[in-house]
Amino acid sequence: MKYIFVILFMFCANPLFAQRYVLGESKFLNHWTQEYMDCRLYLLDNKYTMKLSLISDDIVFNMFPFYGYVRKEGNLYYLKDIPTNAEIVLEKDKSANFNIKKGFSFMQKKCLTYEDKADSDDFSWFDIDVENDKKKKDVQSVRDKQLPDKLKFRFGEYMNGNVHVSLEENGSYTIAYRFQEYLIVISEGKWSTRNGILKLRDPFLNYSFTMLTSVDKKLIAIDFPNELNEEWIYSFVEEGNEYKKINL
């Protein structure tokens, strides 16, 4: 009876569906120091998270740009992203890998290769349900504020912690995550304004992120690939930076 209990406990303690995938190949940033970037997808039942990692010697720096809920229809997996409210679409092939049908621009022309079963520790970073409720409250808080009638902003770079967004006068934008001296680009496309809303359209995702301006001309992210631990307010960077922009 004791052995049966142990087996049942082990079965219940492990997720029924927990898998780990790696996006494309690792990107070496410095061949002398062996620093490199990688991106992994973790699936747990009806939830997912994607983790960007900078590996430098024995030190690993992690950030979480994307996380949310999973809906499956046949071989198609629909990943509803909480920070952006967008939907990533994956198609599983015969080798159990994912072809990316729709996703952020840095995912284009890449696939997600099955790596292994995920460990329970891979899902202990944060609670997705809690983050979903928090996002809803943050959006409602912005809607309750008195915002300018007209959208006024400056061309150039804005920053919120480790997340950078660059708005160019020619109508292009770049969203990047800062890892030490590197800016890792996750989305590029065209920006436009409509009804007092700044829209940044990612062509591969076929979706527009949205931002507003505050009375002090800062940018307020609404549906945006914001890092898990950052706020939603982006301030203008007065002086240019010397970070190295990297496309994965």
Report summary line: If we keep only residues of the range 155-195 that are charged (D, E, K, R) and surrounded by 14 or more Cβ atoms within 10 Å (Cβ to Cβ), then the residue nearest to K51 (Cα to Cα) is R178
Requested in this report: Select, from F204, F209, the only residue that is within 20 Å of the chain's Cα centre (by Cα), part of a loop (DSSP other than H, G, I, E, B) and at pLDDT 90 or above.
Outcome: F204
Query raised in the report: So which residues in the range 228-239 are part of a strand (DSSP E or B) and surrounded by fewer than 20 Cβ atoms within 10 Å (Cβ to Cβ)?
Result: I233, S235, F236
**Report entry** Unique residue being free of Cβ contacts under 8 Å to residues at least 40 places away in the same chain, under 22 Å from M63 (Cβ atoms) and touching a helix residue (DSSP H, G or I) at 6+ places or on another chain (Cβ under 7 Å) when the list is I100, I82
**Finding:** I100
Query raised in the report: Any idea how many residues of the range 134-154 are surrounded by 12 or more Cβ atoms within 10 Å (Cβ to Cβ) and of a type in the set (D, E)?
Result: 1
Query raised in the report: Quick one: what pairs do we get from the range 112-133, first residue over 21 Å from I88 (Cβ atoms), second exposed (fewer than 12 other Cβ atoms within 10 Å of the Cβ), C-beta under 9 Å, 6+ apart or different chains?
Result: S120/A13
**Report entry** Hits in the range 57-85 (condition: surrounded by 16 or more Cβ atoms within 10 Å (Cβ to Cβ) and within 21 Å of N162 (Cα to Cα))
**Finding:** M63, F64, P65, F66, Y67, G68, D81, I82, P83, T84, N85
Query raised in the report: Would you say D116 is more than 18 Å from the chain's Cα centre (by Cα), of a type in the set (D, E), exposed (fewer than 14 other Cβ atoms within 10 Å of the Cβ) and modelled with pLDDT of 90 or more?
Result: yes
Query raised in the report: When you go through (1) surrounded by 21 or more Cβ atoms within 10 Å (Cβ to Cβ); (2) in contact (Cβ under 8 Å) with a residue 40 or more places away in the chain; (3) touching a Gly at 6+ places or on another chain (Cβ under 7 Å) one by one for Y207, which number turns out not to apply?
Result: (3)
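Search the range 10-25 for residues being at pLDDT 90 or above and in contact with a Phe, Trp or Tyr (Cβ under 8 Å, 6 or more places away or on another chain), and hand back the single one that is nearest to T113 (Cα to Cα).
Of everything passing the filter in the range 10-25, Y21 is nearest to T113 (Cα to Cα).
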Query raised in the report: Which of the residues belonging to the range 24-39 are touching a residue at least 60 places away in the same chain (Cβ under 8 Å), surrounded by fewer than 19 Cβ atoms within 10 Å (Cβ to Cβ) and not in a loop (DSSP other than H, G, I, E, B)?
Result: K27
Query raised in the report: Quick one: in the range 126-147, which of the residues that are of a type in the set (D, E, K, R) and modelled with pLDDT under 85 is farthest from L212 (Cα to Cα)?
Result: D144
Report task. Say whether the condition of being part of a strand (DSSP E or B), touching a Gly at 6+ places or on another chain (Cβ under 8 Å) and of a type outside the set (D, E) is met by at least one residue in the range 215-227. Result -> no
Report task. Assess whether S187 counts as being assigned to a strand (DSSP E or B), without any contact (Cβ under 8 Å) to a residue 24 or more places away in the chain and polar (S, T, N, Q). Result -> no
Query - In the range 190-201, the residues that are part of a loop (DSSP other than H, G, I, E, B) and either under 17 Å from the mean Cα position of the chain (by Cα) or free of Cβ contacts under 8 Å to residues at least 24 places away in the same chain (or both) - result: N195
Query - Scan of the range 54-98 for residues that are over 21 Å from K135 (Cα atoms) and among the basic types (K, R), ordered by number - result: K72, K92, K94
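The values are calculated or read from the model by the stated rules, or taken from the named source; none is laboratory data. Since we're looking at a predicted model, the values are computed, not measured. Every residue, glycine as well, gets a Cβ built from its backbone with ideal geometry; the counts of neighbours run over all protein chains shown.
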